[in-house]
Ligand code: PMP
């Protein structure tokens with residue numbers, strides 16, 4: 001058996017990886033041909049790969065490393081907890097201190113009366129919990145016909161069967177027999193791509209009112225909940241028009257529909273406040289959390305539940321839970337992460353100083369001939385690539401071709417930006433400094449110039 005270490009030649013690591021490791025959201029043979037990039041270390045906002053390249057991670061991993069890489073306090077919290085109590089469950093009349101302490105901290109940090117947490121191992125698991133939770137809630141209230149959950153097209157809520165059904169990604173639904181029954185998708189509030197001649201405000205209202213139409217069509221007595229990301233992340237960092245969420249809130253209130261805010265990306269500072277619900281005027285009954293909760297240092301997610309829903313659920317024996325619900329090591333790491341985010345004022349600084357600076361710089365990219373719009377919400381941003389700015393046109397080539405070229409040019413310039421179709425997105429660690437933002441923008445500009453040239457050369461314009 002070969003000892004596999006960071007010191008092995010990259011090509012050998014890539015060959016072993018291709019032989020035995022199946023990657024998420026990846027075409028296996030394509031990856032085998034190209035070879036996976038091997039990341040070996042990280043510190044702050046910088047990744048190091050096996051070739052010694054230093055790469056600015058403008059995605060915070062997968063939107064999760066809010067605190068930045070290399071915080072030893074989190075490693076120590078994990079080691080301490082592993083030595084003391086590496087595992088115990090919270091099923092059969094038992095609990096443990098990390099789960100209690102984190103639940104208490106979450107009740108303090110989260111807005112409104114979201115005072116109760118049901119732990120999960122990830123965002124997908126938490127959204128699976130939500131499906132069963134809202135349906136069980138209505139059964140408990142004597143309304144078992146209320147089962148339908150309304151979501152949006154191009155939403156992302158996870159990759160398990162339940163959460164991917166809530167999501168509105170057609171490519172995901174096309175594989176594996178999704179969605180499950182009683183999930184209904186309305187259109188998304190994506191003005192740039194779908195707003196036509198309407199103003200963003202008119203469009204935001206129109207799209208929110210699709211919820212009301214869907215409730216009428218399905219029947220109020222059948223609708224259990226509405227779920228949405230305050231700002232769509234994996235769908236391309238789509239910042240909704242200002243009119244959207246207040247109208248969704250009004251409709252949920254009017255028809256007594258439970259409102260689930262999926263803050264897996266937005267939570268814990270991403271939009272410049274602790275939770276995006278606060279900035280967008282959303283008052284959820286349930287909030288999905290994961291990612292920034294532990295800054296990705298340990299897998300953990302959860303459903304935060306308001307007092308009334310928790311009260312009703314506490315009347316029954318909810319036959320649901322995961323081996324790793326409230327895993328003590330993950331809870332200890334999350335607690336330490338939250339302690340640092342709070343004590344160092346990282347979220348407040350991100351909102352007050354970093355976000356306005358990033359916004360100013362990011363919006364300059366809209367002047368590039370390839371860019372149709374630059375949007376930003378706190379520390380998550382997107383740019384739309386277009387062959388024709390004024391008409392917000394799409395490329396004639398298959399969606400994602402231009403985006404993929406741009407992503408390659410980013411990598412070639414030691415910058416991680418992700419592409420979602422022909423939108424480029426960023427979500428850097430909250431601790432990114434102003435000089436690092438300057439570097440990000442400079443590399444993004446070079447990548448756009450190079451991509452523009454390639455796109456022209458390849459006849460895509
Ligand atoms: N909800 C949202 C809004 C997400 O962005 C994600 C992951 N990108 C998930 C849920 C699923 O989380 P996980 O990958 O931890 O299962």
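The values are calculated or read from the model by the stated rules, or taken from the named source; none is laboratory data. If you're wondering where the values come from, they're calculated on a predicted model, not measured in any experiment. Backbone-built Cβ (ideal geometry, glycine too); neighbour counts: all protein chains shown.
Points to keep in mind about this one:
- Counting only helices (runs of 4 or more DSSP H) that fall entirely inside segment 334-412 and contain at least 3 residues that are in contact with a strand residue (DSSP E or B) (Cβ under 9 Å, 6 or more places away or on another chain), the qualifying elements are 355-364, 401-412.
- Extreme residue, farthest from residue 73 (Cα to Cα), among residues of segment 6-24 that are in contact with a helix residue (DSSP H, G or I) (Cβ under 9 Å, 6 or more places away or on another chain) and part of a loop (DSSP other than H, G, I, E, B): 22
- Some residue of segment 258-277 being closer than 28 Å to residue 146 by Cα, away from the ligand (no atom under 16 Å from the Cβ) and out of contact with any strand residue (DSSP E or B) (no Cβ under 8 Å at 6 or more places or on another chain): no
- Among the candidates 326, 267, residue that is assigned to a loop (DSSP other than H, G, I, E, B), assigned by TED's automatic domain parsing to the domain that holds residue 93 and free of Cβ contacts under 8 Å to residues at least 60 places away in the same chain: 267
- Counting only residues that are within 16 Å of the ligand (Cβ to nearest atom), more than 12 Å from residue 330 (Cβ to Cβ) and in contact with a strand residue (DSSP E or B) (Cβ under 6 Å, 6 or more places away or on another chain), segment 69-124 holds 3 of them.
- From 290, 310, residue being in contact with a strand residue (DSSP E or B) (Cβ under 8 Å, 6 or more places away or on another chain), under 21 Å from residue 225 (Cα atoms) and within 12 Å of the ligand (Cβ to nearest atom): 290
Residue-by-condition table, conditions (1) in the same structural domain as residue 440 (by TED's automatic domain parsing); (2) surrounded by 19 or more Cβ atoms within 10 Å (Cβ to Cβ); (3) not in a helix (DSSP H, G or I):
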{"position": "26", "(1), (2), (3)": "yes, no, yes"}
{"position": "32", "(1), (2), (3)": "yes, no, no"}
{"position": "51", "(1), (2), (3)": "yes, no, yes"}
{"position": "56", "(1), (2), (3)": "yes, yes, yes"}
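- So residue 172, is it more than 25 Å from residue 307 (Cβ to Cβ), within 16 Å of the ligand (Cβ to nearest atom) and at pLDDT 95 or above: yes
- Residue 61 passes every criterion in (1) surrounded by fewer than 16 Cβ atoms within 10 Å (Cβ to Cβ); (2) touching a residue at least 12 places away in the same chain (Cβ under 8 Å) apart from (1).
- Top-ranked residue in segment 226-244 [being buried (at least 24 other Cβ atoms within 10 Å of the Cβ) and free of Cβ contacts under 8 Å to residues at least 60 places away in the same chain; ranked as nearest to the ligand (Cβ to nearest atom)]: 230
- Scanning segment 134-168 for residues that are closer than 14 Å to residue 313 by Cβ and either within 16 Å of the ligand (Cβ to nearest atom) or in a helix (DSSP H, G or I) (or both) yields 134, 135, 136, 137, 138, 139, 140.
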